[in-house]
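The values are calculated or read from the model by the stated rules, or taken from the named source; none is laboratory data. As the structure is a prediction and not an experimental result, all values here were calculated from the model. The protein model used for the area step is the full one, side chains on, heavy atoms only, and it has no ligands, DNA or RNA in it. Shrake-Rupley method; radii C 1.70, N 1.55, O 1.52, S 1.80 Å.
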Amino acid sequence: MAACTVAVVPAARAQDKPAIKLGYAKCAHCTPLVLTPDYAKDIALDVVGFNTGNDVLTALVSKSIDVAQVTYLHYATALDKGFDVVAISGQVNGGSQMLVANDLPVPAGDWAAMKALVAKRKAEGKPLKVAASRGNAQDIHMRGAFATHGIDVQKDLEFVNIPNPSDHAPALRRGEVDLICSVEPFATLIRQVGAGKFFALPYDQAAGKLTNLIVTRSDVVASKKVALQSTVGAIVKVDDFIAANHEAWVGVITKVTGLDKAIAEGAIGNLEPDYRMHQKQALAVAAMMRDLRYISRDVSEAVVKNMDYSFLETATGKSKAELGGE
């Protein structure tokens with residue numbers, strides 16, 4: 001009987017691994033998160049895909065998931081609304097492209113020509129129609145780039161919100177917008193199917209390439225600290241893996257999004273695995289969002305206070321300063 005008891009208990013414990021449910025949005029940046037269960041053997045890590053970052057944040061706040069891949073914009077928005085969010089890791093940055101309609105007479109990278117066209121269209125009473133998914137990193141990258149080049153985003157342009165990135169190519173092809181800032185791999189898709197042409201990478205603004213952030217809630221930090229540590233450790237390992245193995249990254253993108261290999265290959269050239277949390281640029285994002293009235297108040301103090309670097313420090317052996325903290 002004693003022998004039977006010894007045999008049964010470990011099996012029961014094996015079924016009682018700490019559980020974490022991780023939500024992610026279905027973009028090229030985010031898809032590598034489906035690999036994290038392979039690197040988190042000591043926990044039951046369930047990875048769930050959502051259409052947008054807004055959906056992921058909603059699931060986190062409603063306690064349907066424990067950990068969420070969102071953007072720094074979602075983080076600032078959540079803090080502005082008083083939601084309980086704690087940032088614990090970066091993930092992948094970059095992934096934004098500004099694309100224009102094929103018949104728009106503006107050469108790639110020619111901001112002087114873009115500024116002149118914007119002024120001309122405004123004078124004619126037909127302001128340039130520009131689009132993004134409002135509240136996503138591409139939206140803030142685009143608006144920051146316009147401001148950097150002397151174009152007033154409040155007065156000179158007409159903005160169109162297209163929430164689902166899969167709708168970006170059809171909108172540009174049908175002439176519903178003149179310019180769109182899309183996310184990978186949908187940005188590369190637009191170019192490869194001829195729905196639009198490349199204009200610029202919008203990284204010459206205060207937020208730089210800052211895009212993805214991994215967040216949780218304080219109750220999860222308190223009750224599942226060990227499981228969170230394993231989750232962050234897995235994210236770090238996956239980032240290192242995809243940085244060195246682009247073929248595997250391409251495979252994950254095509255599997256999750258259903259897009260062609262050529263599109264996935266093009267997309268990762270505009271992406272940067274980065275598990276650090278960049279505090280300085282995060283504060284720039286929050287300031288830009290307040291200026292644009294995306295948020296109602298200054299959340300700078302909360303942005304800093306709610307960044308918990310301890311999980312990254314343990315996972316990497318690096319200091320807070322090395323991991324993007326101040």
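Whole-Hz Karplus values for the stretch 178-184 come out as 8, 8, 9, 10, 10, 9, 6 Hz, taken residue by residue from phi with 6.51 cos²θ - 1.76 cosθ + 1.60 and θ = phi - 60°; glycine and proline positions read x. Of all complete DSSP H helices in the chain, those with a Cα span along the helix axis of 15 Å or greater and a mean Kyte-Doolittle hydropathy of -1.0 or more are 2-14, 111-123, 137-148, 225-244, 246-257, 279-291.
Apolar share of the accessible surface for the chain: 52 percent from carbon plus sulfur atoms, 1.4 Å probe. Counting every pair of alpha carbons in the stretch 67-148, the share spaced more than 17 Å apart comes to 59 percent. The residues of the stretch 28-79 expose on average 32 square angstrom of accessible surface per residue, using a 1.4 Å probe on protein heavy atoms. Of the beta bridges in the stretch 90-190, as assigned by DSSP with both residues counted there, near 40 percent are antiparallel. Structural descriptor for the chain: relative contact order 26 percent, calculated from alpha carbon pairs under 8 angstrom and at least 6 residues apart.
Legend: residue pairs 197/255; 21/155; 81/155; 21/261, Cα-Cα distance threshold 32 Å; pairs beyond threshold, 21/155.
Of the two radii for the chain, the radius of gyration is 1.03 times the Kirkwood radius, both from the alpha carbons; that is the Rg over Rh value.
When DSSP beta bridges are restricted to pairs lying wholly in the chain, around 55% turn out antiparallel.
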